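The values are calculated or read from the model by the stated rules, or taken from the named source; none is laboratory data. Remember, it's a predicted structure, so these values are computed and weren't measured experimentally. Neighbour counts run over all protein chains shown; Cβ positions are idealised from the backbone, glycine included. Calculation scope for accessible area: heavy atoms of the full protein, side chains included, ligands and nucleic acids excluded. Shrake-Rupley method; radii C 1.70, N 1.55, O 1.52, S 1.80 Å.
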Amino acid sequence: MSREKILAAVAKNKPTSTPLPQIQNFGNQYADLAEQFRSVLTTIGGEVVRVKDWEEIRTYIQTHFVGFRIITTISELSDMAQNSWLQSDPHSLNNVGLAVLQGQFAVAENGSMWVTEAEMGQRAAPFIAESLALVVKSSEIVPKMHDAYARIGSADYGFGAFIAGPSKTADIEQSLVLGAHGPKSMVAFLID
Amino acid sequence: MTINHATAAEKFNKDFDRTTWHDETLWWVRQKRDRAAFSIPEWEKLRDTASQIKHNVLSNLDTYLVEFEKNAQKNGITVHWAADAHEHNEIILSILKKQGVTQIVKSKSMLTEECHLNPYLAENGVEVVDTDLGERIVQLADEPPSHIVLPCIHWKKEEIGVLFHKHLGTPEGCADPTLLTHAARENLREKFLTRRVAITGVNFAVAETGEFVVCTNEGNADMGAHLADVHIACMGIEKIIPQRAHLGVFLRLLARSATGQPITTYSSHFAKPRAGQEMHLVLVDNGRTTQLGREEFRNSLKCIRCGACMNTCPVYRRSGGHSYHNAVAGPIGSILAPNLDMTKNADLPFASTLCGSCSNVCPVKINIHEQLYEWRQVLTKSGHSPTAKTLGMKAMAAVLSNPSVYRLSGKMGRLALANVPFVVNNSLNPWYKQREMPEPPKESFGEWYKKNRG
């Protein structure tokens, strides 16, 4: 009922049609995409670690996340994590210390990384963990959001997110606090 | 009875230091917005593009709504249509009843504020926990948000400390933002883990793909939605955009305009429910189609709710969000509110200096200050403008339309200011508040001309 009423009211009241503008790409103003990405993500509370191979990521995690419950969907790191978590109730991830996930690509202008359900394993994973690590190839950094959506194209996903840093808030007197509801820290591994 | 903006603002201004603090805090956010905007060489072009996309949306809204519905349904999302706030609230209650649920979590949604969903659900035995930290603070204090992006911008950390001591058991006298935030985190984590239904707002809904995007910094929308059996997302019909690629334009503008961040921490794209989950989406009109039909005001439907117009507004900054007695405060709220209720909100378009700063920062280039001016005309013509203002304007019109009355009143004004200034320099004259009356000239130009050139 309301559907027809609303659609009829829109049809009656809408202005004369104007065309959609062409979306320009605006090019790339950044000389070094990895450096731009690092600089922005660091400013908004994330950390960027450049690594040569998976072994370096492994060493970093072993040093910084001793005693944490670790989950991952990355086959190269599967021995570091539990295997059974993918089928489990998402509520049981509440005690996860570190989630290590692959990002499809990163965006230089805003320090974000695109992650879909396929890389997350479970949708709750990157949000419920105490810390989040995202791994992105250093060759997979695009300059701006227009390039990001050109790259996503018409991809079919159930859920996807741009993630830029740890969860945060400034609701109390504009003081920045990391770890509002999600991860208290976030590290991006740029792998060569 | 709602108190009007001027009266509420006067009350707010009684605490001079606090008003200054409020003013400076928001101006600081405005400056962060400037730095973010100036770092993008194509900023103005982006604003133009966003405005044009939104214009195309308004001119084809029915087509896009049907396209969105079809694609969302194909994705497994249940789509509901609500003509007004009441129907929106009923739809949500019926979903909750079907689930047998009486406790839910909700992330930020100005639409549910507009529809007064929380009190409606409370009356019907449902407890709603707002999970955005700022919204949780005002909810515990039994207040509405005073800003659409910064809900508790009017609260000081010491006051939040007292509130949290009472409700969350934080140590007495604790006013440390980190400790207070983490206390709320612990408390709300338990709610996320136990509530089976989560409500979220919607920032953008894409017609082409049937997906919707929710932006947060805290991750509270995601924590709610991904742990709940049922996700209900609520949106005004104007939140539709045609294509996924258009998100590239809007996500570049939104957070930079709102807080000066390059992007929110999370820009979550919900396309399909997860396995075993139910996903509902409620499309709400509640006056939007009426506003679409008002030619001078329809551009207000382009708003992406960034709050930049509030942060820059000299009146908002020094009067506080609650003085606007509407879910959306500030300049944009003052255009949206009279559409919902002209009688109740007739004062709001007058709560502006018409300086135009709001229009200058608006990421979708809404001509906000011009629309405020237009509303004044409409409200006055239809007999809704404030009584004192109407009487004053009528008196002025009578004086200005009659040359001899005009000359006489000029003379009387000059005489009064020179000889009996207390007649005008008193509390009955609102112009005199915070101002000195000007030094009166000895004679009018007319008198001078007659003497020297006549």
- Message: Among the listed residues B:A245, B:A225, identify the single one that is assigned by TED's automatic domain parsing to the domain that holds B:I95 and free of Cβ contacts under 8 Å to residues at least 40 places away in the same chain.
- Response: B:A245
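For (1) touching a His at 6+ places or on another chain (Cβ under 8 Å); (2) closer than 21 Å to B:L301 by Cβ; (3) not acidic (D, E), each residue gets a yes or a no:
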{"position": "B:C355", "(1), (2), (3)": "yes, no, yes"}
{"position": "B:P363", "(1), (2), (3)": "no, yes, yes"}
{"position": "B:N367", "(1), (2), (3)": "no, yes, yes"}
{"position": "B:K381", "(1), (2), (3)": "no, no, yes"}
{"position": "B:A395", "(1), (2), (3)": "no, no, yes"}
{"position": "B:L408", "(1), (2), (3)": "no, no, yes"}
{"position": "B:R414", "(1), (2), (3)": "no, no, yes"}
{"position": "B:K433", "(1), (2), (3)": "no, no, yes"}
- Check the stretch B:295-306 and report whether any residue there is open to solvent by less than 10 Å² (accessible area, probe 1.4 Å) and at the interface with chain A (Cβ under 10 Å from one of its Cβ atoms). no
- Query: From the list B:T380, B:T343, which one is in a loop (DSSP other than H, G, I, E, B) and open to solvent by 50 Å² or more (accessible area, probe 1.4 Å)?
  - Reply: B:T343
- Message: Filter the stretch B:16-55 down to the residues that are within 11 Å of chain A (Cβ to nearest Cβ), open to solvent by less than 20 Å² (accessible area, probe 1.4 Å) and among the hydrophobic types (A, V, I, L, M, F, W, C) and list them by number.
- Response: B:L26, B:V29, B:A36, B:I40, B:W43, B:L46, B:A50, B:I53
- Query: Out of the residues in the stretch B:116-146 that are charged (D, E, K, R) and part of a helix (DSSP H, G or I), which is farthest from the other protein chains (Cβ to nearest Cβ)?
  - Reply: B:E123
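Could you list, in sequence order, all residues of the stretch B:409-422 that are within 30 Å of B:G383 (Cα to Cα) and open to solvent by 80 Å² or more (accessible area, probe 1.4 Å)?
Within the stretch B:409-422, none qualify.
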- Query: Which residue, of A:A188, A:A108, A:A124, A:A129, is farther than 18 Å from B:I263 by Cβ, more than 9 Å from chain B (Cβ to nearest Cβ) and either open to solvent by less than 10 Å² (accessible area, probe 1.4 Å) or without any contact (Cβ under 8 Å) to a residue 40 or more places away in the chain (or both)?
  - Reply: A:A129
- Message: Considering only the stretch B:147-165, I want to know if a residue exists there that is more than 8 Å from every other protein chain (Cβ to nearest Cβ), in contact with a Lys or Arg (Cβ under 6 Å, 6 or more places away or on another chain) and part of a strand (DSSP E or B).
- Response: no
- Query: All but one of (1) surrounded by fewer than 24 Cβ atoms within 10 Å (Cβ to Cβ); (2) in contact with a strand residue (DSSP E or B) (Cβ under 8 Å, 6 or more places away or on another chain) hold for B:A198; which doesn't?
  - Reply: (1)
- Message: Quick check on this structure: which one of B:E186, B:E218 is at negative phi, within 9 Å of chain A (Cβ to nearest Cβ) and modelled with pLDDT of 95 or more?
- Response: B:E218
- Restricting the stretch B:72-94 to residues that are within 28 Å of the chain's Cα centre (by Cα) and of a type in the set (V, I, T), the residue that is least open to solvent (accessible area, probe 1.4 Å): B:I92
- Message: If B:P171 satisfies all but one of (1) open to solvent by less than 10 Å² (accessible area, probe 1.4 Å); (2) more than 9 Å from chain A (Cβ to nearest Cβ), what's the number of the condition it fails?
- Response: (1)
- Hey, can you tell me all the residues within the stretch A:139-149 that are in contact with a strand residue (DSSP E or B) (Cβ under 8 Å, 6 or more places away or on another chain) and either under 22 Å from B:F270 (Cα atoms) or open to solvent by 30 Å² or more (accessible area, probe 1.4 Å) (or both)? A:E140, A:K144, A:M145, A:D147, A:A148
- Hand me the list of strands (runs of 3 or more DSSP E) wholly inside the stretch A:72-166 holding 2 or more residues that are β-branched (V, I, T). A:112-116, A:131-137
- Task: Evaluate the following for A:L41: is it within 23 Å of the chain's Cα centre (by Cα), within 14 Å of another protein chain (Cβ to nearest Cβ) and part of a helix (DSSP H, G or I)?
- Result: yes
- Query: Looking at B:A225, B:A233, which one is more than 21 Å from B:E208 (Cα to Cα) and more than 7 Å from every other protein chain (Cβ to nearest Cβ)?
  - Reply: B:A225
